[in-house]
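Chemist: Take this structure first; my questions come after.
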Amino acid sequence: MKKLFGLATATAMLLGSTAPSFAADTLALVVSTLNNPFFVTLKEGAEGKASELGYELLVLDSQNDPAKELAAVEDVLNKDVKLLMINPTDSDAVRSAIRAANRKDVPVVTLDRGASGGEVVSHVASDNVQGGEMAAELVNSTFEGTAKVVELQGVPGTSAARDRGEGFNKGIDAVEGLSIVASQAADFDRTKGLNVMENILQAQPEIDVVFAHNDEMALGAIKAIEAAKRDILVIGFDGTDDAVAAVNDGTMLATVAQQAGMIGALGVETADKILKGEAVPEYTPVPLKLIQK
Amino acid sequence: MTRSFDFRTFVMENIPLIGLIVLMAAVSLYSPNFLTVDNLLNILRQTSINAIIAMGMTFVILTAGIDLSVGSILAFAGAVCASMIAADTPLIVALLTTLVIGAALGAASGSIIAFFGVQAFIATLVGMTMVRGLVLVYTDGRPISTGDFDVANSFYEVGGGYIAGIPIPVVIAGVVFLACWYVLNYTRLGRYVYAIGGNEQVAQLAGVNVSRVKVIVYAISGALSALAGIILTARLESAQPTAGLAYELDAIAAVVLGGTSLAGGRGRITGTLIGALIIGVLNNALNIMDVSSYYQMIAKGAVILLAVVLDGRSKATSK
Amino acid sequence: MTALLELRGVDKAFGSVRVLQGVDFTVESGHVVALAGENGAGKSTLMKIITGIYRRDAGSMKYRGQEARFANARQSMDAGIAMIHQELNLLPALSVGENIFLGREPVDSTGRILWGEIDRESRHWLGQLKQNIDPRTETGKLSIAQQQMVEIARALSMNAEVIIMDEPTDSLTDVETKILFDVVDHLRAEGKGLVFISHRLGEIFQMCDDVAVLRDGAMVHQGPVSEIDEDTLIRHMVGRELSDQYPFVPAVPAAVRLKVEGLVARGVREVSFEARAGEVVGFAGLVGAGRTELGKAIYGANPATAGTIEIDGAPMRIGTPRDGVRAGIGYVTEDRKLEGLIQSHGLRRNMSLTGLFRFSGSSGHIDKRAERAEITDYINAFSIKTHGIDAVVSQLSGGNQQKVSIAKSLVPKPRILILDEPTRGVDVGAKREIYTLINELKAQGLCILLMSSDMPELLGISDRILVMSNGLLTGSFDRGEADQEAIMRCTVAGLTEGTVQ
């Protein structure tokens, strides 16, 4: 079924320009990538809420490419969409796409990642800094104030890596007994999480806990730790299916769940309010959730 | 024709090897954790994936071609293999099927190049894009776990196991290296690969079936990419839809670092192995020394540039 | 007569190798000087010193009475010394006009190129060479001979005082060579100084005023052509007597080895002939007459669209070079650089490429010992001068490269050998060695097809001569009855559609 669905979306993307006319009001959702389960969940949350509220939802995939993103936005703006929800590939690069929507008077809501320019009615996102702090608190409570910590960073320079790292480091620095012994980038990638963790294991004889900026890296790190037969706890971030499963079977201590589905759903709810003329806050925080066994 | 040992010539001909040794010596001065048996095995294991792909890439580049589709083939092969393991397919069947699929995808690119005269860069760029699309459709953008059947445990050994204390991926890479070395140095196919890269017209006129050799070469590259995909999937016990992104660049870098000419016809498989090791040692060293990730990329680029410039200069002077 | 260019005591060494020693060389206004010498005698080095590509270690050079020292080719060109290189230096993707004016395009005050002028000027200089080539043609689409003419037009267009021509007639047919000689006469009358490098001794006597002979880096003779004869000249060049330039051993009558019937292919309109084992059949014709195309069609590199090929009475299907090799045909191309040898590879890899199946079974494993033994045998038997079995081919002289090329075609043990211009760019001594080799192969029973534009060579070593013109056979001569004039008539016969056959 999943596969069938994947094919259907792929076909829909291909046939985007020849989509039939819409009976209900149409919302557009331009997602940075559908290569990543997180954004697939986000998309599914939005789809669920949209059908509940009676909207057609047009989903386009930017494939992590700002140029494709702009083209996707330009395409949907040529259709009769009432509102544009966009999950930017890059906060800066998305500005021209948002301005294009502004020119056509189509309201814009950003999801998960913000935009550094253009008129955005509302930004719906989870608070990554808070998420990092939550992870630090968990380290503190689990090890009662004394632990050697490894941090696996996301793609250097991305806002998610910055914010999660900032919150986490703030939380760790606040407690004297906690120290970060290594902090290396593994680019949000499971394979790199594995390799980088293997290398750190070689260099650091004592590690108590690993905090990874996303679940993919956390899962890779777990493989490295298992292979080295070391006893180290791992905390991830995002709450993907694989990570939740790992938490449930005890291989992962916890994952800070960004509620991806909820971001999508809250995005559509916000859109609904805007279209009905209700006031919406500039920033809609989506609560994070610590998933533990 | 006996020649006395000439130190200068030796240095000039072995720039990559010397570079590797200097790099390792420098890192071991900085970090006591570097030159340990565990860490060296660790480096070898991490290098094995790129080394296997780069050895296939060496065949392609020796014919003056290029294969950009390796990363996509790796991901697709991994996904297919993971789903077969998850469906309790006997290990040997799953592995062979995956390798055949990799070879077939490579042969498809090779055929487009050989029979339609499409440039290798374009043909494999198309392959890279389309196969990546296949991966996304096949996996629906999500990782595929290898499941809970017994076969998943033996499959894990392919990536995580040991034979006589040596990681199995390293053993596999070693076997692949010996096979490639034999083929390139001791078989007709190897000679034809060099000849086509040296001058395709000459090879054609000498009765070499150029199209056939090209298809075989891309099939080898595809099969080795699939092999790398199997190992990666086994290590992670799951296949990632994004696996292998930009792996073609690491593979090409390894080949070039090893002294193989992108113009074709000249190069050695040993060089490729050393090139892959240089990249592996560098990644490991930067992690071990806890270098800030912002500086890591600059360091990597600088090392590759230095190696290639030195090698190019030694070739120019030894001419 | 005044000396335009005067070199005294020029030395040049590369590392420890002395290439030129105390060379004196004079070019006078209104004179054509032939520069003769075997390959490796130092001719190219001397010319490169004159044109500023190399610097001399010692000695002086006066140009128009003034001491001159050029730092690069550009300076010598600006001063009025033009060089026509043996290897064509044209950019195939550019038009003929662009090539002629490359680097000195006429521009208006805003820097825009004056295409009209390039067009007009190019037509003028090509016209002087009686070449009706559109300057806007892509250069790569011209024949080698036409490209050579473009190269000559470029030198003429520079209004140079001294023009150096390195083997200019090598890729030209007799007709074009004659045109070139007329141009040379014209330039001589204008008082230019010309240096003419050629391996074809006949041409030296035909068109040069003076002859200078280099041997092993020393100038062993310079004087008027009228005071020297061919034998003396050869003796100066090689430093010993050459008994007979064209050694010939008549064929022993044998069975028909190759029978070609109604063969049609690109460039070959319809050709039928027979050749016997132990016989050398020469093919004469102008460039573009279809000789190369015929050779390639028989070998499979230019697939035949009609006609049959029989070898030793058995019909053969030959559609690719691979088929040709299997049918027992050896082929030596006229274009060593592009089609014959992989320049960056060693002797061994080049020589065994075609016949690799002889050292490897169905598994593809190469028996390196057998390979080395056989390649070493060939290197010794052909006296190929090299410092090793894996020495890079590009470092060998032209003659040695040609021997490698021939050996390469012999490794698969062919029954028929097709030689296309086997002595092009090869010096006198090596030429004779190749002729001797041809005689030996013939004695071993090989059937040899020899395509050559060098008429004395064809007459000298062929048992029979077939003439091609415009893709057809227009004449057939036995050794006794062949003469240059009769053959020449046949070479142009096909051009008027009438066949003499």
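The values are calculated or read from the model by the stated rules, or taken from the named source; none is laboratory data. The structure presented is a predicted model; accordingly, all values stated were derived computationally and were not measured. Ideal geometry is used to build each Cβ from the backbone, glycine not excepted, and the neighbour counts take in all protein chains shown. In case anyone asks, the SASA skips ligands and DNA or RNA and just uses the protein heavy atoms, side chains included. Shrake-Rupley method; radii C 1.70, N 1.55, O 1.52, S 1.80 Å.
Chemist: If amide hydrogens are placed 1.01 Å from N in the peptide plane, which non-local residues have theirs closer than 5 Å to the one on C:Leu35?
Modeler: For C:Leu35, whose amide H was placed from the backbone, the distant partners under 5 Å are C:Phe196, C:Ile197, C:Ser198, C:Ala212.
Chemist: Under the √(5λ) rule applied to the eigenvalues of the Cα gyration tensor, what semi-axes describe the equivalent ellipsoid of chain C? Give them in Å, descending.
Modeler: 39, 27, 23
Chemist: What list of ³J(HN,Hα) couplings, whole Hz, do you get for segment C:246-251 from phi and the Karplus terms 6.51, -1.76, 1.60, once you set θ to phi - 60° and write x for glycine and proline?
Modeler: 10, x, 9, 10, x, 6
Chemist: From zero outward in steps of 10 Å, how is the percent of C-alpha pairs of segment A:74-185 spread across the bins?
Modeler: Answer for segment A:74-185: a P(r) of 14, 35, 21, 17, 10, 3 percent.
Chemist: Give the percent of DSSP beta bridges with both residues in chain C that are antiparallel, rounded to the nearest 5. All intermediate terms of the calculation are to be shown ahead of the outcome.
Modeler: On the way: 45 of 80 bridges.
Counting DSSP beta bridges with both partners in chain C, the antiparallel share is about 55 percent.
Chemist: Still on this structure, please answer the following. Multiplying the sequence separation of B:Tyr295 and B:Val309 by 0.36 nm and subtracting their Cα-Cα distance, what value in nm do you get?
Modeler: Working: separation 14, 0.36 × 14 = 5.04 nm, distance 2.11 nm.
Gain on stretching B:Tyr295 to B:Val309: 2.9 nm.
Chemist: Along each principal axis of its Cα atoms, how long is segment C:256-496 end to end? Whole angstroms, biggest number first, please.
Modeler: Each principal axis gives a Cα extent; for segment C:256-496 these are 54, 40, 30 Å.
Chemist: Protein chains only, probe 1.4 Å: how do C:Trp125, C:Trp115 rank by accessible area, largest first?
Modeler: On the way: C:Trp125 35, C:Trp115 130 Å².
Accessible-area ranking of C:Trp125, C:Trp115, largest first: C:Trp115, C:Trp125.
Chemist: Something else: Along its three principal axes, how long is segment B:16-317 when you only count alpha carbons? Whole Å, largest extent first please.
Modeler: 55, 49, 36
Chemist: Another question, if that's okay. Do any GluC sites (Glu not before Pro) in segment C:17-121 lie in a loop, going by DSSP, with at most 14 other beta-carbon atoms within 10 Å of their beta carbon, and if so which? Please list the in-between numbers first.
Modeler: Numbers: sites: C:Glu28, C:Glu38, C:Glu67, C:Glu87, C:Glu98, C:Glu117, C:Glu121; in loops: C:Glu38, C:Glu87.
Here the GluC sites (Glu not before Pro) that fit, given the DSSP loop and packing criteria, are C:Glu87.
Chemist: Quote the convex hull volume per residue of segment C:92-147, based on C-alpha atoms, as a whole number of Å³.
Modeler: Each residue corresponds to 76 Å³ of Cα convex hull volume.
Chemist: Using the Karplus curve 6.51 cos²θ - 1.76 cosθ + 1.60 with θ = phi - 60°, what ³J(HN,Hα) values do you get for each residue of segment C:401-415, in whole Hz, with x for Gly and Pro?
Modeler: The phi angles translate into 4, 5, 5, 4, 4, 5, 4, 4, 6, 8, 4, x, 6, x, 9 Hz.
Chemist: So how much accessible area does C:Asp231 have, in Å² to the nearest 10, using a 1.4 Å probe?
Modeler: 100
Chemist: I would also like to ask the following. Ignoring any ligand, DNA or RNA, what whole percent of the accessible area of segment C:45-142 comes from carbon and sulfur when the probe is 1.4 angstrom?
Modeler: Whole-percent figure for carbon plus sulfur exposure: 47.
Chemist: From the gyration tensor of the Cα coordinates in segment C:411-487, what semi-axes in whole Å does the equivalent ellipsoid have, largest first, with each one equal to sqrt(5λ)?
Modeler: For segment C:411-487, the semi-axes come out at 21, 16, 13 Å.
Chemist: A follow-up question, please. Which cross-chain or sequence-distant (5 or more) residues have an amide H under 5 Å from the amide H of A:Ala125, H modelled 1.01 Å from N in plane?
Modeler: Answer set, sorted by chain and number: A:Asp112, A:Thr284, A:Val286.
Chemist: What number, rounded to the nearest 500 deg cm²/dmol, is the helix-based mean residue ellipticity at 222 nm of chain C, given -39500 (n - 2.57) per DSSP H run of at least four residues and division by all its residues? Please list the in-between numbers first.
Modeler: Values: 16 runs with 161 residues, N = 501.
Result for chain C, helices only: -9500 deg cm²/dmol.
Chemist: List the extent of the Cα atoms of the protein assembly as shown along each of their three principal axes, largest first, rounded to whole Å.
Modeler: Reported extents, whole Å, longest axis first: 110, 71, 62.
Chemist: So what is the 222 nm mean residue ellipticity for chain B from helices alone, if each DSSP H run of at least 4 adds -39500 (n - 2.57) and you divide by all residues, rounding to the nearest 500 deg cm²/dmol?
Modeler: Estimated from H runs of four or more residues: -25500 deg cm²/dmol.
Chemist: A further question on this structure: Would you please state which residues of segment A:171-189 a label at A:Glu137 would reach in this model, taking the label point 7 Å out along Cα→Cβ and a backbone N cut-off of under 16 Å?
Modeler: Counting backbone N atoms under 16 Å from the label point, the list is A:171-175.
Chemist: So what is the accessible area of the protein assembly as shown per residue, in Å², with the probe set to 1.4 Å?
Modeler: 41
Chemist: Would you please give the residues with an amide H less than 5 Å from that of C:Arg424, counting only those at least 5 places away or on a separate chain, with H modeled from the backbone geometry?
Modeler: HN-HN under 5 Å from C:Arg424: empty list.
Chemist: Would you be so kind as to list the residues of segment B:201-215 that have their accessible area lowered by at least 20 Å² in the full protein complex compared with their chain by itself (1.4 Å probe)?
Modeler: B:Gln201, B:Val202, B:Gln204, B:Leu205, B:Ala206, B:Gly207, B:Asn209
Chemist: Same structure again: If the chain between C:Arg8 and C:Asn72 were fully stretched, how many nm would it gain, using 0.36 nm times the residue separation less the Cα-Cα distance?
Modeler: Result: 21.0 nm gained on full extension.
Chemist: If the elastic network links every pair of Cα atoms under 10 Å, which of B:Leu232, B:Leu257, B:Leu306 fluctuates the most in the Gaussian network model of chain B?
Modeler: Looking only at B:Leu232, B:Leu257, B:Leu306, the largest GNM fluctuation is found for B:Leu306.
Chemist: So how much accessible surface do B and A hide from each other in total, probe 1.4 Å, in square angstrom to the nearest 100?
Modeler: Using a 1.4 Å probe, the pair buries roughly 3000 Å².
Chemist: How big is the gap, in Å, between the Cα center of segment A:115-131 and the Cα center of segment B:27-53?
Modeler: After rounding, the separation between the Cα centres reads 42 Å.
Chemist: Right, another one. Between segment B:79-97 and segment A:230-270, what is the C-alpha centre distance in whole Å?
Modeler: Here the answer is 29 Å between Cα centres.
Chemist: Please report the projected area of segment C:6-148's Cα convex hull averaged over all directions, in nm².
Modeler: Mean projected area of the Cα convex hull: 11.1 nm².
Chemist: Once you place label points 7 Å from the Cα toward the Cβ at C:Arg489 and C:Arg18, how far apart are they in nm?
Modeler: It is 5.6 nm.
Chemist: On average, how much area does the Cα convex hull of segment A:128-257 cover when viewed from any direction, in nm²?
Modeler: If you wrap the Cα atoms of segment A:128-257 in a convex hull and average its projections, you get 6.6 nm².
Chemist: So for chain A, considering every pair of alpha-carbon atoms, how many percent are separated by more than 32 Å?
Modeler: For chain A, the fraction of Cα-Cα distances above 32 Å is 30 percent.
Chemist: Also: Restricting to DSSP H runs of at least four residues, report the calculated mean residue ellipticity at 222 nm for chain A, -39500 (n - 2.57) per run over all residues, nearest 500 deg cm²/dmol.
Modeler: -14500 deg cm²/dmol
Chemist: May I pose another question? Starting from the alpha-carbon convex hull of segment B:91-203, give the projected area averaged over all orientations, in nm².
Modeler: The Cα convex hull of segment B:91-203, projected and averaged over all directions, gives 10.0 nm².
Chemist: Follow-up question, since we're still on this one. Per residue of segment B:175-182, in order, report the coupling 6.51 cos²θ - 1.76 cosθ + 1.60 (Karplus, θ = phi - 60°) as ³J(HN,Hα) in whole Hz, putting x for Gly and Pro.
Modeler: Result, rounded to whole Hz: 5, 4, 4, 4, 5, 5, 4, 5.
Chemist: Counting pairwise Cα distances across segment C:255-387, what percent come out greater than 25 angstrom?
Modeler: Tail of P(r) above 25 Å: 38 percent of Cα pairs.
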